[in-house]
Amino acid sequence: MKPVIDLKLCKACNICVYICPKKCYSKGADLSEIGYFAAVVSAAEKCYNHNRDGKMICELCVLSCPDQAISWHPETEEEKRK
Amino acid sequence: MELFEFYRKDRWPHVFCPGCGIGTVMNCFYRAFNELELPLDKTAFIGGIGCSSRIPLYINSDALHTTHGRAIAFATGLRLAKPELKTVVFTGDGDLGAIGGNHFINGCRRNVDMTVICINNNIYGMTGGQASITTPHDYQSTTTPYGNKEYPFDLAEIAVAAGANYVARWTTRHVHELTRSLKAALQKKGFAFVEVVSQCPTNFGRRNKMADPTQMLEWFRQSSVRRDKTKAAEVDHVDLNLAGQITIGEFVDRNRECYEELIGVGKHG
């Protein structure tokens, strides 16, 4: 499972950048559709839940995101092999 | 239940400022509610006036938006008239402690079966940042430009003294503990009170050199002390001054008889 940021919901508060213990997120530079510099998932392979087949371990970003923008999505076969 | 089956997707993105802690509490509440598998159509959500009292309007269930400070009074009436409903009250610090302070104390004393979640952001956020009863000592707000000279209320200690069945306090930095505590509060019979110290970067943080929400979260992390650890320490008394220390943890967990049992609501239906 990997984290995905919904660009229609993210308000660029950067709480995910602060709270992630593995530093998976970083501040964004591109203006999103609703007018914020939304955060980006820069290192999804560092995430605790990467390659764990749906087993949830940390989830700090999902629970902390005030705009409900972060959600888990299963990886593609290509990403799993990494 | 998916997140946006519980919340109304058509209302998103919500009105809260970027970085507001209310969204975090919404996530934790959804997680607790979902793990307990409670029925959404048998739960009524009640809110007063304020930022945090807008949460019931986002939930895909029946909501009661009441007058300022009277959320607990309305919830008591709803609970006694329809005992089959579970009542959850979302409220803020100004709504619960200042304007509805007497309702809060008497709600705890009466011990009606409901869950009250107070999102304490230390300020009147919606009206422009006036000092509220929980603004810490020497912190600035619109109405106290030289620093707040009063000492704040300790809402959790008031609830313990007034006789609530379950009292806990967490911050938005402690999301997993908060979720566990909300689960316990939803299962508890009687008055369950959970206070969440939340960040308000727009009106509280901006005037106190913490304009970034992450700075406020770091402040919570550094200044929060577990209650079970303060008990063992020399200072048993909980520090009222939020600026120095935020005491977090479960304050009380007891089983006093609740009001419905005492007056026999179930018998009369």
| field | Selected residue (criterion: farthest from residue B:112 (Cα to Cα)) from residues of the stretch B:224-260 that are assigned to a helix (DSSP H, G or I) and modelled with pLDDT of 85 or more | value | B:260
| task | Among the candidates A:18, A:36, single out the residue that is over 14 Å from the mean Cα position of the chain (by Cα), within 11 Å of chain B (Cβ to nearest Cβ) and at pLDDT 90 or above. | result | A:36
| query | Taking interchain pairs and intrachain pairs at least six residues apart, which have beta carbon atoms under 7 angstrom, with the first residue in the stretch B:40-53 and on the phi > 0 side of the Ramachandran plot and the second among the aliphatic types (A, V, I, L, M) and at pLDDT below 90? | reply | B:50/B:126
| request: For residue B:44, work out the one condition from (1) closer than 30 Å to residue B:211 by Cβ; (2) modelled with pLDDT of 90 or more; (3) buried (at least 20 other Cβ atoms within 10 Å of the Cβ) it doesn't fulfil. | output: (1)
| Does residue B:134 count as within 25 Å of residue B:220 (Cβ to Cβ), within 15 Å of the chain's Cα centre (by Cα) and among the β-branched types (Val, Ile, Thr)? | yes
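Every residue, every condition in (1) free of Cβ contacts under 8 Å to residues at least 40 places away in the same chain; (2) crowded, with 24+ Cβ neighbours inside 10 Å, yes or no:
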{"site": "B:78", "(1), (2)": "yes, no"}
{"site": "B:85", "(1), (2)": "no, no"}
{"site": "B:89", "(1), (2)": "no, yes"}
{"site": "B:93", "(1), (2)": "no, yes"}
{"site": "B:97", "(1), (2)": "no, yes"}
{"site": "B:103", "(1), (2)": "yes, no"}
{"site": "B:107", "(1), (2)": "no, yes"}
{"site": "B:111", "(1), (2)": "no, no"}
{"site": "B:116", "(1), (2)": "no, yes"}
| note | Subset of the stretch B:184-218, residues within 14 Å of another protein chain (Cβ to nearest Cβ) and basic (Lys, Arg), comes to B:206
| query | Considering only residues of the stretch A:24-33 that are surrounded by fewer than 19 Cβ atoms within 10 Å (Cβ to Cβ) and within 13 Å of chain B (Cβ to nearest Cβ), which is farthest from residue A:61 (Cα to Cα)? | reply | A:33
| query | Would you say residue A:47 is more than 14 Å from chain B (Cβ to nearest Cβ), under 27 Å from residue B:215 (Cβ atoms) and in contact (Cβ under 8 Å) with a residue 40 or more places away in the chain? | reply | yes
| task | Return the only residue of A:2, A:11, A:27, A:23 being in contact (Cβ under 8 Å) with a residue 40 or more places away in the chain and within 24 Å of residue B:219 (Cα to Cα). | result | A:11
| said: For the stretch B:136-160, which positions are touching a strand residue (DSSP E or B) at 6+ places or on another chain (Cβ under 9 Å), among the polar types (S, T, N, Q) and touching a residue at least 24 places away in the same chain (Cβ under 8 Å)? | reply: B:141, B:142
| query | Do we find that residue B:171 is within 20 Å of residue B:22 (Cβ to Cβ) and either within 14 Å of another protein chain (Cβ to nearest Cβ) or buried (at least 23 other Cβ atoms within 10 Å of the Cβ) (or both) in this structure? | reply | yes
| message | Out of the helices (runs of 4 or more DSSP H) lying entirely within the stretch B:1-105, which hold 3 or more residues that are within 18 Å of the chain's Cα centre (by Cα) and away from every other protein chain (no Cβ under 14 Å)? | response | B:71-81
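The values are calculated or read from the model by the stated rules, or taken from the named source; none is laboratory data. The structure presented is a predicted model; accordingly, all values stated were derived computationally and were not measured. Don't worry about glycine lacking a Cβ; one is built from the backbone with ideal geometry, like all the others, and counts go over all protein chains shown.
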